[in-house]
1. Considering (1) at negative phi; (2) free of Cβ contacts under 8 Å to residues at least 12 places away in the same chain; (3) of a type outside the set (Gly, Ala, Ser), say which one Pro118 fails and leave the rest.
2. Within the range 327-368, work out how many residues are outside any strand (DSSP E or B) and either polar (S, T, N, Q) or not assigned by TED's automatic domain parsing to the domain that holds Met311 (or both).
3. Could you list, in sequence order, all residues of the range 134-145 that are surrounded by fewer than 23 Cβ atoms within 10 Å (Cβ to Cβ) and of a type in the set (A, V, I, L, M)?
4. Do we find a residue being assigned to a strand (DSSP E or B), touching a Lys or Arg at 6+ places or on another chain (Cβ under 8 Å) and over 29 Å from Tyr143 (Cβ atoms) anywhere in the range 66-83?
5. Would you check if there is a residue in the range 171-185 being of a type in the set (Val, Ile, Thr), at pLDDT 95 or above, out of contact with any strand residue (DSSP E or B) (no Cβ under 8 Å at 6 or more places or on another chain) and loosely packed, with under 15 Cβ neighbours inside 10 Å?
6. Would you point out which residue out of Thr262, Thr251 is outside any helix (DSSP H, G or I), more than 17 Å from the chain's Cα centre (by Cα) and polar (S, T, N, Q)?
7. What is the one condition in (1) at pLDDT 95 or above; (2) of a type in the set (Val, Ile, Thr); (3) exposed (fewer than 13 other Cβ atoms within 10 Å of the Cβ) that Ile56 does not satisfy?
Amino acid sequence: MKKIVQSTLLTGFMMLVAFHQSFAQAEKAEAEIQQLMRTTPVVGLSVAVVKDNKVIYNHSFGFKDVEKELPLTNESIFRIASISKSFTTTAIMQLVAKKQISLDQDVSELVGFKIRNPKFPNTVITLKMLLSHRSSINDSEGYFSLDAIDPAKNPNWEKSYNAYEPDKGYMYCNLNYNLAGTILEKKTGIRFDKYIQQQILVPLGLYGGYNVNTLDSNLIAKIYEFKRDSAKFINSPSAYAPRTKEINDYTMGRSTPIFSPTGGMKISAHDLAEYMIMHSQLGKHKGKRIIPKNLSKQMQAIISEEENYGMALETSTQLIPGKTMIGHTGVAYGLYSIMFFEPKEKIGFVVISNGCDTKTINGINGVLHKTVNILYEHLIQ
């Protein structure tokens, strides 16, 4: 009995020491991030750190609303820009799993009008090419409406295609993902924003969405664009435009770009980290299988070697020295976001800024890059 009591006391003491060590390391990380924010233009930062596939740290710095001097909190939600693409691909993979759709399917058949590069009219453009940015489609005619690439709507539709043959080159393109979101609607009969809510967010217990009208406005973090010439931040209200009229006049399978499948997800850093864990665990989290393991692996596998890009997820060695990470970045309206994980080590990082300096390190926003490395040094190493 005495040995049991001693063992219990020792275990409790060790846990207490570990807690204090963890707290001390978090304080060091916070002090360094605050110093970074004092020496670099930053409105706000919200961060989440994953270790052993659990969120071990979540903290927010700076302002949600500069004008009202409202602080960011861990519940604040942000438009995360292009990280949103992975939600769209995850949804498409659910349809692939159910055999409702194939990654090798002709996009023309799926969207209901001709999707063909006029220079290569006999080369089929597939769904996989859209998701991997190898479709030869570009954004030169716009991407907020499918009219940009529809021959019946735009006399200049041919300009939406590059000079190379589909699947023979790579160009990052937002229209690819607005087409993919449209395909999701056509195959399911469910509006894009509602499908993501029902099939990804709710099963994982996450708060967020593509439709700003359904979200608590008190939680939304304003986005500020940094103007380098004047060294000032300018509010970007269009990031959260409600699009009420467009939604009221919505046409299923055509109006989808209103929700921006390519960049319109709004979510907190904490909940984005929980979503990231699902991908780190190959499609499963909180006891819920979101996509099959083999399809999760396909999303992460490199398709374009030079760009290290798969399907809405890229592989990077440029974030943390000596680490090969998988994830995505986002940039829009002055916002910068990053979500990267290392599945073998079961670690990951989410950093979102609603306004910061635009300088880069290794092609990644410098503020986010430095923040991730501070968090890694103090909370993971």
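1. Evaluating Pro118 over (1) at negative phi; (2) free of Cβ contacts under 8 Å to residues at least 12 places away in the same chain; (3) of a type outside the set (Gly, Ala, Ser) leaves (2) as the failure.
2. Adding up the residues that qualify gives 3.
3. Within the range 134-145, no residue meets the criteria.
4. Narrowing the range 66-83 to residues assigned to a strand (DSSP E or B): 70-71, 77-79.
Subsequent filtering for residues that are touching a Lys or Arg at 6+ places or on another chain (Cβ under 8 Å) retains 70-71, 77-79.
When the remaining residues are screened for being over 29 Å from Tyr143 (Cβ atoms), the result is 70-71.
The answer is yes; a qualifying residue exists.
5. No, every residue in the range 171-185 fails to be of a type in the set (Val, Ile, Thr), at pLDDT 95 or above, out of contact with any strand residue (DSSP E or B) (no Cβ under 8 Å at 6 or more places or on another chain) and loosely packed, with under 15 Cβ neighbours inside 10 Å.
6. Numbers: Thr262 fails: more than 17 Å from the chain's Cα centre (by Cα).
Sole residue among the options that is outside any helix (DSSP H, G or I), more than 17 Å from the chain's Cα centre (by Cα) and polar (S, T, N, Q): Thr251.
7. Condition (3) is where Ile56 drops out.
Rundown of residues vs (1) surrounded by 17 or more Cβ atoms within 10 Å (Cβ to Cβ); (2) touching a strand residue (DSSP E or B) at 6+ places or on another chain (Cβ under 7 Å), yes/no style:
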| site | (1), (2) |
| --- | --- |
| Ile190 | no, no |
| Pro203 | no, yes |
| Tyr210 | yes, no |
| Ser217 | no, no |
| Arg228 | no, no |
| Phe233 | yes, yes |
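The values are calculated or read from the model by the stated rules, or taken from the named source; none is laboratory data. None of these values were measured; they are calculated from a predicted model. Counting neighbours? That spans all protein chains shown, and the Cβs are built from the backbone with ideal geometry, glycine included.
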